[in-house]
1. Output the residues belonging to the stretch 227-271 that are of a type in the set (A, V, I, L, M, F, W, C) and outside any strand (DSSP E or B).
2. Quick one: ARG143 ticks every box in (1) within 23 Å of the chain's Cα centre (by Cα); (2) closer than 24 Å to ILE6 by Cβ; (3) charged (D, E, K, R) bar one, so which box is it?
3. Taking the stretch 363-376, which residues are surrounded by fewer than 18 Cβ atoms within 10 Å (Cβ to Cβ) and either touching a helix residue (DSSP H, G or I) at 6+ places or on another chain (Cβ under 7 Å) or in a helix (DSSP H, G or I) (or both)?
4. Going by the conditions given, is ALA83 among the small types (Gly, Ala, Ser), within 20 Å of the chain's Cα centre (by Cα) and part of a helix (DSSP H, G or I)?
5. Restricting attention to the stretch 333-358, report how many residues are under 13 Å from PHE270 (Cβ atoms) and over 35 Å from the mean Cα position of the chain (by Cα).
6. I'm trying to understand the selection: among the residues of the stretch 1-27, which are of a type in the set (A, V, I, L, M, F, W, C), surrounded by fewer than 16 Cβ atoms within 10 Å (Cβ to Cβ) and over 29 Å from ALA187 (Cβ atoms)?
7. Just checking, how many residues over the stretch 28-38 are in contact with a helix residue (DSSP H, G or I) (Cβ under 9 Å, 6 or more places away or on another chain) and surrounded by fewer than 21 Cβ atoms within 10 Å (Cβ to Cβ)?
8. Go through (1) surrounded by fewer than 19 Cβ atoms within 10 Å (Cβ to Cβ); (2) touching a residue at least 24 places away in the same chain (Cβ under 8 Å); (3) among the hydroxyl-bearing types (Ser, Thr, Tyr) for TYR71 and report which single condition fails.
Amino acid sequence: MTAAFILVINMVIAGIFAIAFGVVAATQRRARGAAWIASGYAMGILDVALEFLLPLQSDPTLVGIGIFLTYLLALTLCVIGIARHYGVTPPFRTLAAIWLLTLLAVPFLFTMPGPSMLRRILYQLPYVATQLLVGVVVLQSQRRQALDLLLVGLTALSALLYAVKPFIAATIGAASTPQSYIASTYAAISQSMGAVTLVALALVLLLVMMRDATAEMLVRSETDSLSGLLNRRGFDRHAERRIARALRTGTPTVMIAADLDHFKTINDRFGHAAGDGVIAHFADVLRESVSESAVVSRLGGEEFAVLITGADLSEGRRRAEAARTAFSAASLEDLGIDARVSASFGVAQVMPGDTLFDLSRRADTALYRAKAGGRNQVCVALHELPPSPTPLGVRAASGQRGR
């Protein structure tokens, strides 16, 4: 009776989580693995239903095989779903190998004596393998946050529990026939272990999906849809962190402020669609001209900003000049623009005690100087440049004049 009660609980739990993951799949388009996991838990409901059907059979072989393979199918669907969520190619070959070996073992497995230790071990091996496979999939994704590591640990624990079940059965004694399994003490213990792992794994998976959905929403809220760069909110958040770290570690850091020249004229002459294309193209040029670790953003309109850590003022100027040259040399005839376009740049370096506001103000001042000087050029915050060494000949001549 105890095992039957736990089986009912497991069925209810499987149903709840099947619905939960189904809702996640329906409401979160990018939760690619949720539907697979929901299907896996739905298979768990069918598996429990077959467990209740087993005592009613005069020949339990067919239903026993159904229970064995249905549960393996449930685990398989969960493996695929977890791989999909983590952006890893599902291990179809490994899963196919597990299924092939399992199907080949079925005729021998279900004709062996029930109390046989070999039979018990063979029965649990596919489940051990699929649980370990989940951990491998998560580790392949290169994610190492606390929830990811917890999921790996739980799958390893689940695999261990499946592995020790044959020894538990040998210690406390298992049912003499498949039909009497549900009334045995071993069934109560086995199903209790299953209930714990069922709930723990599902809760951690839901937390992982909630975490990733929240992170994705944050990224979307900080991304400019036209250029694909960070927007002002995203730039401020990332840049403030980088500047604080740079000041703490003494890492040279520069900011490049950029503005498209005569952008209103481009919109008026060629249309707003062409103007949008120019912005998208300039964003690509900026990305290609700086390092992958740089914080690149479109602050709004035709204004852009880049923060580069590990670069001094001269390196920042070189990067800005590369972007300026590439952009001014580009042909935009595919956008319907038969004129050359250009941009102006201002570069400033992080100084002791700087805030993002201070750095931005100096970069903007250099940008305004580039605009006032004729546009399509790069200017730096001159007062930040180190004093130029006086050539030896100039110093000698100066000394002679002073005599």
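1. Hits for the stretch 227-271 are LEU229, PHE235, ALA239, ILE243, ALA244, ALA246, LEU247, PHE263, ILE266, PHE270.
2. Every condition holds for ARG143 apart from (2).
3. Listed by number, the residues that qualify are THR365, TYR368, ARG369, LYS371, ALA372.
4. For ALA83, the condition - among the small types (Gly, Ala, Ser), within 20 Å of the chain's Cα centre (by Cα) and part of a helix (DSSP H, G or I) - is met.
5. Within the stretch 333-358, residues that are under 13 Å from PHE270 (Cβ atoms) and over 35 Å from the mean Cα position of the chain (by Cα) number 7.
6. Answer for the stretch 1-27, where residues must be of a type in the set (A, V, I, L, M, F, W, C), surrounded by fewer than 16 Cβ atoms within 10 Å (Cβ to Cβ) and over 29 Å from ALA187 (Cβ atoms): VAL23, ALA26.
7. Result for the stretch 28-38: 4.
8. Checking TYR71 against (1) surrounded by fewer than 19 Cβ atoms within 10 Å (Cβ to Cβ); (2) touching a residue at least 24 places away in the same chain (Cβ under 8 Å); (3) among the hydroxyl-bearing types (Ser, Thr, Tyr), the one that fails is (1).
Where a number appears in this text, it was derived from the coordinates with a stated rule and is not lab data. What you see is a predicted model; the values in this text were computed from it and never measured. Note: ideal-geometry Cβ built from the backbone for every residue, glycine included; neighbour counts use all protein chains shown.
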